[in-house]
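Below is one structure, written out as structure tokens, with a few remarks after it.
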Amino acid sequence: MAQAEIGLIGLGVMGSNLALNIAEKGNRIAVFNRTVEVTRKFYAEAGELQGHIIPCETIEEFVAAIRPPRPIIIMIKAGDPVDQQMELLKPYLEKNDIMIDAGNANFRDTMRRFDNLKDSGLTFIGMGVSGGEEGARHGPSIMVGGTEDSWKRVEKVLTSIAAKYNGDPCVAWLGENGAGHFVKTIHNGIEYADMQMIAEIYGILRDGLKMSATEISDVFGAWNKGRLNSYLIEITEKVLKAADPITGQPMVDLILDKAGQKGTGKWSVIEAQNMGVPATGIEAAVAARSISSMKDEREAAEKVLGLPGGELKVADKAAFIKDLESALLAAKIGAYAQGFAVMSAASKEFGWNLPMPVIAKIWRAGCIIRSQFLDEITTAFTKDPDVANLIVTPAFAAMVKETDGALRRVVSAAVLAGLPVPALASALGYFDSYRRGRGTANVIQAQRDFFGAHGFDRTDGKDAHHGPWGSGAATF
Ligand code: NDP
């Protein structure tokens, strides 16, 4: 058999589907998995795609099956396993071969791996892949970081397997070393915020308006036909409609309210904090997942403190549901604006030159946060790629002005009723702080100067940088 165009290690959920996708698009692919039985089973079940797949049982055989310079996708458990796999692979590779980590790596690990290979003649690509199992099989969104030369070697194969939005492939080279994995991390951070905001709106409908899962499903179904049209709204409609095959009750009512997390949300928050960029929507979402996992503590606290007594006061249910739709859109704008602001700061910090319109473009299909909304973000960034914040672009400023009244009404009603809405409220706080030219940090500066003689700048530009605080104040 002729040599393969590309190799792939790791035939788990993502790797096996990615390999089938690559084979289906007419590319020849060599595959390897640590556990040999997995490779055999994968090949046996590949059906008519077998002709494009070279199953390999040893690393030596695997490397020999790929045409040099060899691009090798590593799609295994993130973290140490990737370093171990790279070490096992290295002795068999030749100059210009490319190891591609396609898992959810921390971009700092990607930068380290990239640097470690610099003098070896080998190269490294850190590649974010989004879209879950279905995306991997039929078209994911792919975010590539590495040298431009290594990208050119894999561009054709990756373009063939990526999702398409109106014919545009959802794959792009975003910059050197950790750029692809950084963008994937922020994608996931935004995904956390999006999911949390949807869950909060669901909570208002369930606990405030006392609606059933099926009724709420219909609300999300209607919203999916409008401005909120997106994959996450679509699947929310579906999960709320599904019945448990054992009891016949709505499935969602039987699912324990403890959310898992693997790290990308937390990394997004850490990196945002490192750079001093507010990402309050993502922070609220990560914190909400952490609080959700404290199920025992929450139940104990409910016994001690009770639930807040307020009731959701709604004069016109239909109008309030319209407000919920607008509020969700407003909060979503806040979370996306923050995510893009974090990427813009990282681009400067790490010298990546991240192309914002391209990032929005490749998220329009294939990935978990795909939506019509991302097409609007693409247009806004294409018109103004260097804008400081998405919410001051003309299109999004108009949307914020139109929807933030609804967000205010929804957050106020929820707060008075004691329904937790940390992510929705964070968006409101963000808008209200970001749009206010004269804030309240003058008091903080005065306090800092009082206790620590940190000094302050004056609004009138005069050259006196400490206050007349008197006794008890720090001396300077
Ligand atoms: P799975 O758990 O389905 O598969 C894990 C794979 O990793 C298996 O092939 C396993 O091999 C291999 N593996 C584990 N440890 C080692 C090791 N030390 N050395 C060599 N191989 C090892 O994982 P997924 O396919 O879900 O995830 C793979 C990567 O993709 C992860 O980084 C994940 O975060 C990322 N990802 C996952 C998404 C998803 O929706 N699932 C979406 C996007 C990214 P073996 O069969 O021998 O155990």
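The values are calculated or read from the model by the stated rules, or taken from the named source; none is laboratory data. This structure is a prediction, so every number in the text was calculated from the model and none was measured. Cβ sites come from the backbone with ideal geometry, for glycine too, and all protein chains shown count toward neighbours.
The residue that is nearest to His181 (Cα to Cα), counting only those in the range 225-276 that are hydrophobic (A, V, I, L, M, F, W, C) and in contact with a Pro (Cβ under 8 Å, 6 or more places away or on another chain), is Ala272.
Restricted to the range 55-78, and to residues there that are within 14 Å of the ligand (Cβ to nearest atom) and part of a helix (DSSP H, G or I), the residue that is surrounded by the most Cβ atoms within 10 Å (Cβ to Cβ) is Phe62.
Please work out if Ala23 is in the same structural domain as Leu88 (by TED's automatic domain parsing), touching a helix residue (DSSP H, G or I) at 6+ places or on another chain (Cβ under 9 Å), within 17 Å of Arg137 (Cα to Cα) and not in a helix (DSSP H, G or I). Considered against the rule, which asks whether it is in the same structural domain as Leu88 (by TED's automatic domain parsing), touching a helix residue (DSSP H, G or I) at 6+ places or on another chain (Cβ under 9 Å), within 17 Å of Arg137 (Cα to Cα) and not in a helix (DSSP H, G or I), Ala23 comes out as no. Here Leu117 meets the list (1) aliphatic (A, V, I, L, M); (2) surrounded by fewer than 21 Cβ atoms within 10 Å (Cβ to Cβ); (3) within 8 Å of the ligand (Cβ to nearest atom) almost entirely, failing just condition (3).
Restricted to helices (runs of 4 or more DSSP H) entirely inside the range 369-466, those with at least 2 residues that are under 27 Å from Asp207 (Cβ atoms) and assigned by TED's automatic domain parsing to the domain that holds Ser344 are 394-416, 422-434. The residue that is nearest to Pro68 (Cα to Cα), counting only those in the range 39-54 that are in contact with a helix residue (DSSP H, G or I) (Cβ under 8 Å, 6 or more places away or on another chain) and within 16 Å of the ligand (Cβ to nearest atom), is Ile53.
A quick yes/no check of all residues on (1) part of a loop (DSSP other than H, G, I, E, B); (2) over 26 Å from the mean Cα position of the chain (by Cα); (3) farther than 30 Å from Ser230 by Cβ; (4) not assigned by TED's automatic domain parsing to the domain that holds Ala360:
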{"site": "Gln84", "(1), (2), (3), (4)": "no, yes, yes, yes"}
{"site": "Asn96", "(1), (2), (3), (4)": "yes, yes, yes, yes"}
{"site": "Arg113", "(1), (2), (3), (4)": "no, no, yes, yes"}
{"site": "Arg137", "(1), (2), (3), (4)": "no, no, no, yes"}
{"site": "Ser150", "(1), (2), (3), (4)": "no, no, yes, yes"}
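Looking across the range 79-108, just one residue is β-branched (Val, Ile, Thr) and within 10 Å of the ligand (Cβ to nearest atom), and that is Val82.
Tell me, please, whether a residue that is more than 10 Å from the ligand (Cβ to nearest atom), surrounded by fewer than 21 Cβ atoms within 10 Å (Cβ to Cβ) and over 25 Å from Ile368 (Cα atoms) can be found in the range 125-147. Yes, the range 125-147 has at least one match.
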